[in-house]
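Written below as structure tokens is the structure these notes are about.
The values are calculated or read from the model by the stated rules, or taken from the named source; none is laboratory data. Since the structure is predicted, the reported quantities are computational estimates derived from the model, not experimental observations. Positions of Cβ are generated from backbone atoms using ideal geometry, with glycine treated the same way; all protein chains shown enter the neighbour counts. Remember, those area values only see protein heavy atoms, side chains included, never the ligands or the DNA or RNA. Shrake-Rupley method; radii C 1.70, N 1.55, O 1.52, S 1.80 Å.
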Amino acid sequence: MAGAQDDELASAVSAAGGLASLPCAMLAPAAIREQVARLRQQAQAINLNFFCHEPAPPAVEAVEAWRARLEPYYRELQVEDAKLPTASRRPFDDEMCALVEALRPQVVSFHFGLPAPSLVARVRALGVVILASATTVAEARALEAGGAHAVIAQGAEAGGHRGTFLATG
């Protein structure tokens, strides 16, 4: 739930007996440190969750086509052209791995695959449990081969937000 939850919900989950999981893909390192510090006062175990996708290149032509199509409505309603949202869903990288090494959570989870093998090795060296989400059997096998300790199976019931990462066709 990147961008929609923080350490308060994770603390409540922990208080109810679940794993306190903090979505980190949209947080700056300083915010992650602050939220983990608060979580450590409440939670027995902490999971830091990251994305491992390759950011898509901007679809400039598609955006321009939509803007052209909507332009008459902007004029009619006397509103400015809406700008594209710029929320960043940062993939797990060297800087985030160093942060995990410093914070040493009990669990690290990944969506949209696994990070580079060198980063997985660094996380595994900490002795933390690595979870990763799969939407197909092929993805589950790839995650196991890539170093995940356990696979989170995501079906169509995931509500449209599925961590698909292998091409299906």
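Scanning the range 18-35 for residues that are without any contact (Cβ under 8 Å) to a residue 40 or more places away in the chain and open to solvent by 70 Å² or more (accessible area, probe 1.4 Å) gives a single hit, Glu34. Where in the range 59-138 are there helices (runs of 4 or more DSSP H), lying fully within it, with 2 or more residues that are open to solvent by less than 60 Å² (accessible area, probe 1.4 Å), within 28 Å of Leu27 (Cα to Cα) and in contact with a Lys or Arg (Cβ under 9 Å, 6 or more places away or on another chain)? Helices (runs of 4 or more DSSP H) meeting the threshold: 94-103.
Sub-6 Å Cβ pairs linking a first residue in the range 150-169 that is open to solvent by less than 80 Å² (accessible area, probe 1.4 Å) and assigned to a loop (DSSP other than H, G, I, E, B) to a second residue that is at pLDDT below 70 and charged (D, E, K, R), at least 6 apart or interchain, are Gln154/Arg162, ordered by first then second residue.
In this structure, is Glu54 part of a loop (DSSP other than H, G, I, E, B), open to solvent by 90 Å² or more (accessible area, probe 1.4 Å) and either within 30 Å of Ala102 (Cα to Cα) or touching a Cys at 6+ places or on another chain (Cβ under 9 Å) (or both)? Yes.
Of all residues in the range 121-141, those that are farther than 14 Å from Asn49 by Cα and either over 18 Å from the mean Cα position of the chain (by Cα) or at pLDDT 95 or above (or both) total 10. Scanning the range 36-48 for residues that are open to solvent by 20 Å² or more (accessible area, probe 1.4 Å) and in contact (Cβ under 8 Å) with a residue 24 or more places away in the chain turns up Arg38, Gln42, Gln44, Ala45.
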